[in-house]
Amino acid sequence: MSNEEIFKKYIKKLYWLTTIFSSLFIVTGGLLVFYSVNPSFFNFKKETTVNTVSVEEDDYDKIENGIHVRTGLIEAEGLTAVVNNCTNCHSAKLVIQNRMNKERWNSTIRWMQETQNLWDLGKNQEIIVNYLITNYPPLEVGRRATLSNIDWYELNN
Amino acid sequence: MKRREFAKKATLSSLAALIGAEIVYGSSLLEDYNPLALQDPDPFKMFNKHKEMVVLNDKPWNIEAQAHLLDDNITPNSCMFIRNNGLIPQEIDAKKWTLTIDGESVLKEKTYTLDELKSKFKQYTYQLTLECGGNGRSEFNPPAKGNQWTVGAVHCASWTGVRLKDVLEDAGIKSNAVYIGYHATDTHLSMDPTKEPISRGCPMSKALQDETLLAFKMNDEDIPVAHGYPLRLVAGGWPASVSGKWVNRISIRDKVHDGTKMTGTAYRVPCNPVAPGDKVKDEDMCIIESMPVKSLITYPKSGAIIKEGKSLNIRGHAWAGELEVGKLEYSIDFGSTWKTCSLEKPANRLAWQHFTASVDFPKKGYYEIWARATDSLGNSQPMLLPGWNPKGYLNNACHRIAVKVS
């Protein structure tokens, strides 16, 4: 192959490369322009956050009839600490259906820390436990409770 | 995240790749990751459950039946309780599913595909009673920690699979084998991949019973995902937690299996009886094996008002763990007098048994019908709560329904 032919080949290669790069440049430029006009279009993370927050902000921590709607927990002192620390791994339903005294809640928290990856609650622990024993105290049911919530209906047998 | 947004994000992901934003997308996906199935959690639709099933917990899912929903002889999926310790596996490919038999006491570690299990070993079908160890927990006083099950954490479905015994023997069991422990593909609530939500098991004697199955069908269909698709260990008569769902490995152990929820206080009761509220050291807690004798009146639903002079036909089921129920009685006077019900033999060992009776009431008023089963060794259900235990297991107190005669 003569030097001229090699040179021509290089020019051809260069031509294609330039074409590819300039088209990429134009496309990217176009996208950048679009981005400057409508930045949220590309920012998925932000978009989601903006959407959920703006749409649901009012409802997210709504309280209705003294109940925190999202979790079903009673609105009272310590609610935020309970929501933030006790509803990440498991449902608030598990909290609500359990009735324990201070000592047993503390040992349950210790168990969750030792085996379930619960973090150190710091000064929130006392706030949380006080909330639980105040709002969900153990009920005295004896050795066998009376049947309750009977849904009476006529049975034609 | 709504479905529409998800679709939008999915479409945009290809564009994201073009502009080199994969990492942004990836990280936001991780943070926002919340599978579609769980975003709009209507458990009744998602799990095909009867609308009167009661959701005790939605993370993890714990759903129980009510007595009257359990009226069928063979419990349909719609009325079967769900007890999950962790999160249901997201992606299950039955074609690629394998089961490995390993452990200190296996002769040769062996892995089987589902198809191999199905073709290599003879298949059996049994009706097997599975009751959650904590069924009835809500009645303990002082209250016990955990999901507050009332009466509905029990079912008796028809399970089809291969005998665990046949598979274990195919891999080979060393003479020092003591226990088997299962491992599964569910996810720990903390999302920590190194933690297993539950990994329980049973002694070799139970593992080698004819009725202990590696099941792939429930009521003649693929097992529903919430109940362990595509492979579930089923050990009837023992706490249902022994019947591991989504099982992909079974270890033959040379000691009592020490997986998650085998140790400490989980599925254990005090070795010696304790006073209500007593503290019990871990080493004084013993593993629950066979469940105690119990029964359920499934018809009529509690709260029936009937006309004076009419008799009332009642029916239900009774079961007794490893044993058979020998007698079923009912009382309409709080245990002063008992009358015998007619009781069927079980369809097979470890299946619940059906009882019926025609009840007459002497006069108008409020009644409770109490049912009491007695097992083949003469143990009956107590009318009051049985021995208190820290985790509230094994409440087999008599079931009762309210009836008014007007």
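Would you confirm, using the coordinates I've provided, whether A:ASN157 is touching a residue at least 12 places away in the same chain (Cβ under 8 Å), assigned to a loop (DSSP other than H, G, I, E, B) and either touching a Lys or Arg at 6+ places or on another chain (Cβ under 7 Å) or facing chain B (nearest Cβ under 8 Å) (or both)? First the steps, then the outcome.
On the way: touching a residue at least 12 places away in the same chain (Cβ under 8 Å): no; assigned to a loop (DSSP other than H, G, I, E, B): yes; either touching a Lys or Arg at 6+ places or on another chain (Cβ under 7 Å) or facing chain B (nearest Cβ under 8 Å) (or both): yes.
So A:ASN157 fails the test.
Which of (1) more than 10 Å from every other protein chain (Cβ to nearest Cβ); (2) without any contact (Cβ under 8 Å) to a residue 12 or more places away in the chain is the odd one out, the single condition A:ILE133 does not satisfy?
Status for A:ILE133: all satisfied but (2).
Per-residue answers, yes or no, for (1) touching a Phe, Trp or Tyr at 6+ places or on another chain (Cβ under 8 Å); (2) outside any helix (DSSP H, G or I); (3) without any contact (Cβ under 8 Å) to a residue 12 or more places away in the chain; (4) on the phi < 0 side of the Ramachandran plot:
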residue	(1), (2), (3), (4)
B:HIS68	yes, no, no, yes
B:ILE74	no, yes, no, yes
B:SER78	no, no, no, yes
B:ILE92	yes, yes, no, yes
B:LYS95	no, yes, no, yes
B:GLU104	no, yes, no, yes
B:TYR112	no, yes, no, yes
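Restricting attention to segment B:166-186, and to residues there that are of a type in the set (Ser, Thr, Tyr) and in contact with a Pro (Cβ under 7 Å, 6 or more places away or on another chain), which single residue is farthest from B:LEU99 (Cα to Cα)?
Kept after step one, since they are of a type in the set (Ser, Thr, Tyr), are these residues of segment B:166-186: B:175, B:179, B:182, B:185.
Imposing the further condition that a residue be in contact with a Pro (Cβ under 7 Å, 6 or more places away or on another chain) reduces the set to B:179, B:185.
Details: B:TYR179: 17, B:THR185: 11 Å.
Step by step, filter segment B:166-186, then rank; the result is B:TYR179.
Determine whether segment B:164-185 contains at least one residue that is within 21 Å of B:THR75 (Cα to Cα) and touching a helix residue (DSSP H, G or I) at 6+ places or on another chain (Cβ under 6 Å).
no
Identify, please: which residue in segment A:94-103 is closer than 15 Å to B:PRO390 by Cβ and within 7 Å of chain B (Cβ to nearest Cβ) and is, among those, nearest to the chain's Cα centre (by Cα)? Reasoning before the result, please.
So the first thing to find is which residues in segment A:94-103 are closer than 15 Å to B:PRO390 by Cβ, and the list is A:98-101, A:103.
Checking which are within 7 Å of chain B (Cβ to nearest Cβ) leaves us with A:98-100.
Values: A:ASN98: 23, A:ARG99: 26, A:MET100: 27 Å.
So, considering only residues that are closer than 15 Å to B:PRO390 by Cβ and within 7 Å of chain B (Cβ to nearest Cβ), the one nearest to the chain's Cα centre (by Cα) is A:ASN98.
In the set B:GLU5, B:GLU64, B:GLU22, which member is at pLDDT 90 or above and either within 13 Å of another protein chain (Cβ to nearest Cβ) or touching a helix residue (DSSP H, G or I) at 6+ places or on another chain (Cβ under 6 Å) (or both)? First the steps, then the outcome.
Working: B:GLU5 fails: at pLDDT 90 or above; B:GLU22 fails: at pLDDT 90 or above.
So the residue among B:GLU5, B:GLU64, B:GLU22 that is at pLDDT 90 or above and either within 13 Å of another protein chain (Cβ to nearest Cβ) or touching a helix residue (DSSP H, G or I) at 6+ places or on another chain (Cβ under 6 Å) (or both) is B:GLU64.
A:GLY72 - would you say it is of a type outside the set (D, E, K, R), surrounded by fewer than 14 Cβ atoms within 10 Å (Cβ to Cβ) and either touching a residue at least 60 places away in the same chain (Cβ under 8 Å) or under 18 Å from B:ARG137 (Cα atoms) (or both)? Step through it out loud before you land on a result.
On the way: of a type outside the set (D, E, K, R): yes; surrounded by fewer than 14 Cβ atoms within 10 Å (Cβ to Cβ): yes; either touching a residue at least 60 places away in the same chain (Cβ under 8 Å) or under 18 Å from B:ARG137 (Cα atoms) (or both): no.
No, not satisfied.
Filter segment B:300-328 for residues that are surrounded by fewer than 20 Cβ atoms within 10 Å (Cβ to Cβ) and touching a Ser or Thr at 6+ places or on another chain (Cβ under 9 Å) and give the result. Please lay out each step first, then the result.
To start, the set of residues in segment B:300-328 that are surrounded by fewer than 20 Cβ atoms within 10 Å (Cβ to Cβ) comprises B:301, B:303, B:305, B:307-311, B:313, B:315, B:322-324, B:326-327.
Scanning segment B:300-328 gives B:ILE305, B:LYS307, B:GLU308, B:SER311, B:ASN313, B:ARG315, B:GLU322, B:LEU323, B:GLU324, B:GLY326, B:LYS327.
Could you name every one of the strands (runs of 3 or more DSSP E) located completely within segment B:334-406 that has at least 1 residues being at pLDDT 95 or above and over 18 Å from B:ASP71 (Cβ atoms)?
Values: elements: B:353-359, B:365-375, B:399-405.
Answer list for segment B:334-406: B:365-375, B:399-405.
For B:THR265, which of the numbered conditions (1) in a loop (DSSP other than H, G, I, E, B); (2) more than 19 Å from the chain's Cα centre (by Cα) fails to hold?
Against the list (1) in a loop (DSSP other than H, G, I, E, B); (2) more than 19 Å from the chain's Cα centre (by Cα), B:THR265 comes up short only on (2).
So, in segment B:189-223, exactly how many residues are touching a Pro at 6+ places or on another chain (Cβ under 9 Å) and at pLDDT 95 or above? First the steps, then the outcome.
Taking segment B:189-223 as the starting set, the residues that turn out to be touching a Pro at 6+ places or on another chain (Cβ under 9 Å) are B:189, B:197, B:200, B:216, B:218-219, B:222-223.
Going one step further and asking which of them are at pLDDT 95 or above, we end up with B:197, B:200, B:216, B:218-219, B:222-223.
Final tally of qualifying residues: 7.
Can you tell which of B:SER138, B:SER119 is under 30 Å from A:ALA92 (Cβ atoms), at pLDDT 95 or above and either part of a helix (DSSP H, G or I) or among the β-branched types (Val, Ile, Thr) (or both)? Write out each step before concluding.
Values: B:SER119 fails: under 30 Å from A:ALA92 (Cβ atoms).
Testing whether each residue is under 30 Å from A:ALA92 (Cβ atoms), at pLDDT 95 or above and either part of a helix (DSSP H, G or I) or among the β-branched types (Val, Ile, Thr) (or both) leaves just B:SER138.
Of the numbered conditions (1) within 27 Å of the chain's Cα centre (by Cα); (2) facing another protein chain (nearest Cβ under 9 Å); (3) in contact (Cβ under 8 Å) with a residue 24 or more places away in the chain, B:LEU384 satisfies every one except a single condition; which is it?
(3)
Considering only residues of segment A:110-132 that are at pLDDT 95 or above and among the β-branched types (Val, Ile, Thr), which is nearest to B:PRO382 (Cα to Cα)?
The selected residue is A:VAL129.
Quick check on segment B:304-322. Is at least one of its residues among the hydroxyl-bearing types (Ser, Thr, Tyr), within 14 Å of another protein chain (Cβ to nearest Cβ) and over 22 Å from the mean Cα position of the chain (by Cα)? Write out each step before concluding.
Here is the first cut: in segment B:304-322, the residues among the hydroxyl-bearing types (Ser, Thr, Tyr) are B:311.
Keeping just the survivors that are within 14 Å of another protein chain (Cβ to nearest Cβ) gives B:311.
Retained after the next criterion (residues that are over 22 Å from the mean Cα position of the chain (by Cα)): B:311.
Scanning segment B:304-322 turns up at least one residue that is among the hydroxyl-bearing types (Ser, Thr, Tyr), within 14 Å of another protein chain (Cβ to nearest Cβ) and over 22 Å from the mean Cα position of the chain (by Cα).
The values are calculated or read from the model by the stated rules, or taken from the named source; none is laboratory data. In this text the structure is predicted, and so the values were computed from the model without any measurement. Every residue, glycine as well, gets a Cβ built from its backbone with ideal geometry; the counts of neighbours run over all protein chains shown.
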